[in-house]
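S.K.: One structure is given below, represented as structure tokens, and several questions about it will come after.
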Protein chains: 2
Amino acid sequence: MYQVEIFVTYKPSILDPQGEAIQRAVQQMGYSEVQSVRQGKYFQVEIDRSVENLEACVEEICDRLLANVTMESYSYRVKED
Amino acid sequence: MYQVEIFVTYKPSILDPQGEAIQRAVQQMGYSEVQSVRQGKYFQVEIDRSVENLEACVEEICDRLLANVTMESYSYRVKED
């Protein structure tokens, strides 16, 4: 089985109000050392080894379902068990 | 600067309707090899090196702000640049 970790984040040019709100809350907790917080989505996907083209499968799933490619970018890591 | 990646996911015993909905959509795309999808949250946090105790800082932020520790668990990775 392939264990795929997918990370979807806003492109750098896109404002991240959620991340900014978290940063303010963190600084109110007393952690002024925290310089920035960006929030994104994280997916753990199990894919059977019988898949023909793993990269094409993962990238199509990201492009069509998991990421809004206008505003978001994605990356992924594959672990084999 | 420390670059911290934080991953927040539902505990295994907790149902993940979002992940199940994505899995159904993926299988309708024709990828029957996808066995499961779990969705979580992903944070990129920049923390200045002057922080006294990095682990304590990250774990307090997770415990108090980023994760609902009743239903979610978290892990993190630290990169130094």
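The values are calculated or read from the model by the stated rules, or taken from the named source; none is laboratory data. In this text the structure is predicted, and so the values were computed from the model without any measurement. When we count neighbours, we look across all protein chains shown, and the Cβ atoms used for this are built from the backbone with ideal geometry, even at glycine. Accessible surface is based on the protein model in full, side chains and every heavy atom, while ligands, DNA and RNA are left aside. Shrake-Rupley method; radii C 1.70, N 1.55, O 1.52, S 1.80 Å.
S.K.: About the Cα centre, and with charges only on the beta carbon of Lys, Arg (+1) and Asp, Glu (-1), how big is the dipole of the protein assembly as shown? Nearest 20 debye, please.
M.R.: 360
S.K.: Which value, in Å² and to the nearest 10, is the accessible area of B:Val78 when all protein chains are kept and the probe is 1.4 Å?
M.R.: The accessible area comes out at roughly 60 Å².
S.K.: Using θ = phi - 60° and the Karplus form 6.51 cos²θ - 1.76 cosθ + 1.60, what ³J(HN,Hα) does each residue of the stretch A:34-41 get, whole Hz, x for Gly and Pro?
M.R.: Those phi angles translate into 6, 8, 7, 9, 10, 9, x, 10 Hz.
S.K.: Express the accessible area of the protein assembly as shown per residue in Å², computed with a 1.4 Å probe while the remaining protein chains stay in the model.
M.R.: That works out to 55 Å² for each residue.
S.K.: Would you mind computing the Rg to Rh ratio of the protein assembly as shown from its alpha-carbon coordinates, Kirkwood style for Rh?
M.R.: Checking Rg against Rh, the ratio lands at 1.00.
S.K.: Only loop residues by DSSP count here, and only those with at most 14 other Cβ atoms within 10 Å; note down the GluC sites (Glu not before Pro) in chain B that meet that. It would help to have the intermediate numbers written out before the result.
M.R.: Numbers: sites: B:Glu5, B:Glu20, B:Glu33, B:Glu46, B:Glu52, B:Glu55, B:Glu59, B:Glu60, B:Glu72, B:Glu80; in loops: B:Glu33, B:Glu52.
Sites meeting the loop and neighbour criteria: B:Glu52.
S.K.: With unit charges on the beta carbons (Lys and Arg positive, Asp and Glu negative) and the dipole taken about the Cα centre of the protein assembly as shown, which residue among A:Tyr42, A:Gly19, B:Tyr76 sits farthest to the positive side?
M.R.: Most positive-ward Cα: A:Gly19.
S.K.: HN-Hα J couplings of the stretch B:47-52 from phi, Karplus 6.51/-1.76/1.60, θ = phi - 60°, integer Hz, Gly and Pro as x?
M.R.: Computed from phi, the couplings for the stretch B:47-52 are 10, 5, 5, 6, 4, 5 Hz.
S.K.: Using a simple charge model, +1 on the beta-carbon of Lys and Arg, -1 on the beta-carbon of Asp and Glu, nothing else, what dipole does chain B show about its Cα centre, in debye to the nearest 20?
M.R.: So the magnitude is around 400 debye.
S.K.: Expressed as a whole number of Å, what is the distance separating the alpha-carbon centroids of the stretch B:62-81 and the stretch A:1-27?
M.R.: Distance between centres, Cα-based: 13 Å.
S.K.: What do the square roots of 5 times the Cα gyration tensor eigenvalues come to for the stretch B:16-57, in whole Å, largest first, as semi-axes of the equivalent ellipsoid?
M.R.: Numbers: eigenvalues 296, 19, 12 Å².
Semi-axes, largest first: 38, 10, 8 Å.
S.K.: Quickly estimate the mean residue ellipticity at 222 nm for chain A, helices only: each DSSP H run with n ≥ 4 gives -39500 (n - 2.57), and the total goes over all residues, rounded to 500.
M.R.: It comes out at -7000 deg cm²/dmol, rounded to the nearest 500.
S.K.: Something else: Based on the alpha carbons, how large is the Rg to Rh ratio for the stretch A:2-79 when Rh follows Kirkwood?
M.R.: Taking Rh as the inverse mean 1/r over Cα pairs, Rg/Rh reads 1.11.
S.K.: Can you give the extra length, in nm with one decimal, that the chain gains between B:Glu60 and B:Met29 once fully stretched, where that is 0.36 nm per residue apart less the Cα-Cα distance?
M.R.: Length gained between B:Glu60 and B:Met29: 7.1 nm.
S.K.: While we're looking at this one, here's another question. Accessible surface of A:Leu54 in the full protein assembly, 1.4 angstrom probe, to the nearest 10 Å²?
M.R.: Near enough 20 Å² of accessible area.
S.K.: Something else now. Starting from the Cα of A:Lys79, step 7 Å along the direction of its Cβ; do the same at B:Lys79; then give the gap between the two resulting points in nm.
M.R.: Distance between label points: 1.7 nm.
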